[in-house]
Structures are given as structure tokens and as C-alpha cells.
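The structure under discussion appears below in the form of C-alpha cells.
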């Protein structure tokens with residue numbers, strides 16, 4: 001009896017996993033008709049290198065995120081000037097820029113990975129499993145004609161949150177048919193959080 005219970009639990013877990021791999025709902029508005037990676041066989045990146053390779057590959061991909069992919073320290077750090085435009089207290093964000101004008105200036109160090117987002121290629125579906133799928137310390141960028149991408153049920157977090165210009169979670173430049181749905185962003189610089197486009201049917 002105990003053996004049957006274990007088998008049933010394993011079956012249910014696999015069923016839930018399979019269900020989580022599919023995109024839910026349908027895009028409307030400017031993203032209507034988006035197909036992402038289409039019927040491509042789902043891939044499960046094992047580490048940040050594999051995830052980046054799938055995201056930038058020119059072929060259609062259905063990329064399933066089932067854990068946290070932590071880029072935070074992957075590219076080292078860099079140092080420069082940070083401006084204390086809103087105060088010098090530890091709770092005040094500083095701005096990464098060369099000239100501070102009349103604001104106090106200080107030397108600061110930040111993670112490089114967050115300031116260099118991944119340029120996602122066209123025809124991608126990026127979907128998270130349950131609440132497990134997350135990209136930490138690096139954002140996603142859609143530019144230069146990138147089209148037909150679905151991003152659903154993931155989190156993008158921890159992009160040098162103590163700094164403005166520390167990194168963008170999701171950004172767009174010359175792209176089309178990009179559907180961002182049920183995506184959580186957190187711990188990033190406040191001035192650019194409005195770049196985020198989220199649909200929540």
C-alpha cells in the first residue's frame with residue numbers, strides 16, 4: 001500500500017511538472033499571434049552557460065526553467081563612480097555615472113553581469129515550472145528585430161539593487177511580438193522598473 005502511495009505521488013508530481021511546461025492563455029494586443037518556440041522539444045538548461053546558449057540560439061526553442069539560474073558573480077565586478085543624489089544613507093540608492101554634479105560622489109563596486117543583459121533571439125518560449133524558475137543577477141533584452149518570444153511564469157531578480165543603472169530586468173529596443181506574462185521582477189533599480197510589460201489575464 002505504501003509503495004502504491006509513493007508511485008501515485010510521483011505520478012502526480014510528474015503530471016504537475018508536465019502541465020507547468022506549457023504556456024497558459026493567449027496573448028492579446030500587440031503580441032497577438034505570438035507562437036514563441038512553437039512545437040520545439042522542451043529543453044531544461046542545467047546551468048547558466050547552457051541557459052544563455054539556448055536563449056541566444058537562432059533556432060526555435062522552448063526553454064523550461066525549473067530552478068534559479070544565478071548569474072550574479074559570473075562575470076566578476078567592476079568599480080566606478082556612484083552619485084548619492086538622494087542621500088548618503090545605506091537605504092538610499094546611488095546612481096552609477098561618471099559625473100555627479102553637485103551630488104556627493106563616491107567610489108563603488110558592482111556586479112558586471114547585471115549590467116550586460118542577455119540578448120534573446122527570436123522564436124523562443126521561456127516558461128517557468130511552478131514558482132521555481134528564476135534568473136538572478138542578469139536581465140533579458142529584446143532588440144535588433146527580435147520577434148516572436150513568450151516569457152511566462154518566471155522571476156528576474158537581484159540586479160545590483162543598490163544602484164540606479166545597475167541593470168534592467170527586461171528591456172526592448174526594435175523588437176516585436178514579445179509576450180511577457182506573469183513575470184515577477186524584484187530587487188532592481190527603481191527608475192527603470194516601468195520598462196516592464198506584464199499581462200495578467
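Coordinate-derived values only; no laboratory data. Here the structure is a predicted model, which is why all the values come from computation and not from measurement. FYI the Cβ positions are ideal-geometry reconstructions off the backbone, even for glycines, and counts take in every protein chain you see.
Quick notes on this structure:
- Peptides 169-176, 133-140 ordered by average Cβ neighbours within 10 Å, highest first: 133-140, 169-176
- Alpha-carbon Debye profile of the range 26-144, log10 I(q)/I(0) at 0.13, 0.14, 0.15, 0.17 Å⁻¹: -0.67, -0.74, -0.80, -0.90
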